Amino acid sequence: MKKEDIQIVKILAIDDKPDNLVVISALLKNLIPGCIVITAQSGIEGIEKAKAESPDTILLDIKMPGMDGFEVCKRLKSDNQTKDIPVIILTAVKTDSETRIKGLQIGADVFIAKPIDEAELAAQVNVTLRIKKWK
């Protein structure tokens, strides 16, 4: 395989808590060697980085001040520039089926409850990367 055939995977993690971003970044770099993790601490910053960086997938927390993850997902999915980027919603607080359904209905591709199971996260990120390839 030639060097130019190797695709670097870019993942955007959006969470208002810096500690969560550190943990998610470390997990992703361990689970997907060579990936680039871009972080944002607010919905607005996340949307701007999604447009600027064109990540391969986005991990998005629901509960954030200002603009929650549902609104961020809605805006990402309604923008031609970002609508095809798969979104994985992560949440520790709202894990009931009504919340999961709402997240999927507004355009999220995957819904994962915290605490994050490493194997599930890796599998779900790989699923979204396959989804993006097909779009």
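The values are calculated or read from the model by the stated rules, or taken from the named source; none is laboratory data. Worth saying up front: this structure is predicted, and the values here are computed from it rather than measured. As a convention, Cβ positions derive from the backbone with ideal geometry for all residues, glycine included, and neighbour counts pool all protein chains shown.
Laid out as a table, the results:
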quantity	calculated
The range 92-116 residues that are closer than 27 Å to Val22 by Cβ, paired with ones that are hydroxyl-bearing (Ser, Thr, Tyr) and crowded, with 17+ Cβ neighbours inside 10 Å (beta carbon under 7 Å, 6 or more apart)	Asp109/Thr128; Val110/Thr128; Ala113/Thr91; Lys114/Thr91
From Ala113, Ala26, residue being on the phi < 0 side of the Ramachandran plot, in contact with a strand residue (DSSP E or B) (Cβ under 7 Å, 6 or more places away or on another chain) and hydrophobic (A, V, I, L, M, F, W, C)	Ala113
Where a residue in the range 62-88 is β-branched (Val, Ile, Thr) and its partner, wherever it lies, is outside any loop (DSSP other than H, G, I, E, B) and surrounded by fewer than 15 Cβ atoms within 10 Å (Cβ to Cβ), with Cβ under 8 Å and at least six apart	Thr82/Lys51
Every pair of residues 6+ apart whose Cβ atoms lie under 8 Å, when the first sits in the range 20-32 and is closer than 16 Å to Gln124 by Cβ and at pLDDT 90 or above while the second is assigned to a helix (DSSP H, G or I) and of a type in the set (A, V, I, L, M)	Leu27/Leu121; Leu28/Leu121; Leu28/Val125
Matching option when the condition is touching a Leu at 6+ places or on another chain (Cβ under 7 Å), buried (at least 17 other Cβ atoms within 10 Å of the Cβ) and charged (D, E, K, R), among Asp109, Asp15	Asp15
Residue count, the range 115-135 (criterion: surrounded by 12 or more Cβ atoms within 10 Å (Cβ to Cβ), charged (D, E, K, R) and either at pLDDT below 85 or not in a helix (DSSP H, G or I) (or both))	2
Residue that is surrounded by the fewest Cβ atoms within 10 Å (Cβ to Cβ) [pool: residues in the range 33-61 that are in contact (Cβ under 8 Å) with a residue 40 or more places away in the chain and at negative phi]	Glu53
Qualifying position, being under 11 Å from the mean Cα position of the chain (by Cα) and aliphatic (A, V, I, L, M), among Val93, Val127, Val22, Val87	Val87
Conditions (1) closer than 18 Å to Ala123 by Cα; (2) modelled with pLDDT of 95 or more: number failed by Ala52	(1)
